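First the structure, in the form of structure tokens, and then the observations on it.
The values are calculated or read from the model by the stated rules, or taken from the named source; none is laboratory data. Since the model is a prediction, treat every value here as computed from it, not as a measurement. Heads up, the Cβs are rebuilt from the backbone with ideal geometry, glycines too, and the neighbour counts pull from every protein chain shown. Ligands, DNA and RNA are excluded from the accessible area calculation, which covers all protein heavy atoms including side chains. Shrake-Rupley method; radii C 1.70, N 1.55, O 1.52, S 1.80 Å.
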Amino acid sequence: MTVDDFAGEEFEFDTPHTEHTDENIAFYEKSVREIARGDSYVCMICTVEMDYTCTMHACSQCYRVFDYDCIREWAVKSTKRTVDASWKCPNCLHVSHKVPAKDKPRCWCGKVVRPDPNPMDPNSCGQTCNARTCRHGCSKICHLGPHEECMRTMSIKCRCGKHKKSIFCYQAQTANSKKRFRCDDECGKTLPC
């Protein structure tokens, strides 16, 4: 084949601009980008435009980001008004009993108190998240949002123990608790009946 064989053909190339536009990324990742730009993400409580130097707190349910002092004040006032000392996220109304600690804003993974301002990835400490979602832990860098399914492979045996197969860790978590599969071979064991 030569270049002339492709004359008149149109091709689409994956570039960083088409691959990761704001339209095709998750809202929580879009939030982090807006905070990094510092001109469009607004705290829902105080309406200040947040940038990467702000102290932040995110709802564990909807991942909406708030100015840390605002959400702490919101939580403290709310817990004083409820019988069970709970407060709700102003965005999704998720009920929480844990009030953010005074003067201790944490990075997204919770390892670092008062993380250094990070213009590339606001509120991230830059360490591996390592949240215990499975035996391997989350392998992403400190991040806002849910943890991805673990794609590390593990070996499981069939019910009779003669065969093994490799599966992804997240598949083992969704499988039955014995983590075994059924092969098509006869096991040769006597049935209890």
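When restricted to residues that are surrounded by 19 or more Cβ atoms within 10 Å (Cβ to Cβ) and either among the aliphatic types (A, V, I, L, M) or under 17 Å from ARG106 (Cα atoms) (or both), region 32-42 contains 2. Is it fair to say GLU186 is farther than 28 Å from GLY38 by Cα, acidic (Asp, Glu), modelled with pLDDT of 85 or more and assigned to a loop (DSSP other than H, G, I, E, B)? Spelling it out, it is not the case that GLU186 is farther than 28 Å from GLY38 by Cα, acidic (Asp, Glu), modelled with pLDDT of 85 or more and assigned to a loop (DSSP other than H, G, I, E, B).
If you go through region 114-138 and keep only what is closer than 21 Å to ARG33 by Cα, out of contact with any Lys or Arg (no Cβ under 7 Å at 6 or more places or on another chain) and in a loop (DSSP other than H, G, I, E, B), you end up with ARG114, PRO115, ASP116, PRO117, ASN118, PRO119, MET120, ASP121, PRO122, ASN123, SER124, GLY126.
Of all residue pairs spaced 6 or more apart or on separate chains, those with beta-carbon atoms under 8 Å, a first member in region 114-130 that is under 18 Å from ASP103 (Cα atoms) and a second member that is part of a loop (DSSP other than H, G, I, E, B) and basic (Lys, Arg) are ARG114/LYS104; CYS125/LYS111. Residues that are outside any helix (DSSP H, G or I), open to solvent by 40 Å² or more (accessible area, probe 1.4 Å) and in contact with a strand residue (DSSP E or B) (Cβ under 8 Å, 6 or more places away or on another chain) within region 56-79 comprise HIS57, SER60, ARG64, listed in sequence order. Among CYS134, CYS138, CYS107, which is within 14 Å of the chain's Cα centre (by Cα), surrounded by 14 or more Cβ atoms within 10 Å (Cβ to Cβ) and farther than 22 Å from PHE27 by Cβ? Of CYS134, CYS138, CYS107, the one residue that is within 14 Å of the chain's Cα centre (by Cα), surrounded by 14 or more Cβ atoms within 10 Å (Cβ to Cβ) and farther than 22 Å from PHE27 by Cβ is CYS134.
Scanning region 80-91 for residues that are under 21 Å from THR55 (Cβ atoms), open to solvent by less than 50 Å² (accessible area, probe 1.4 Å) and not in a strand (DSSP E or B) yields CYS89, PRO90.
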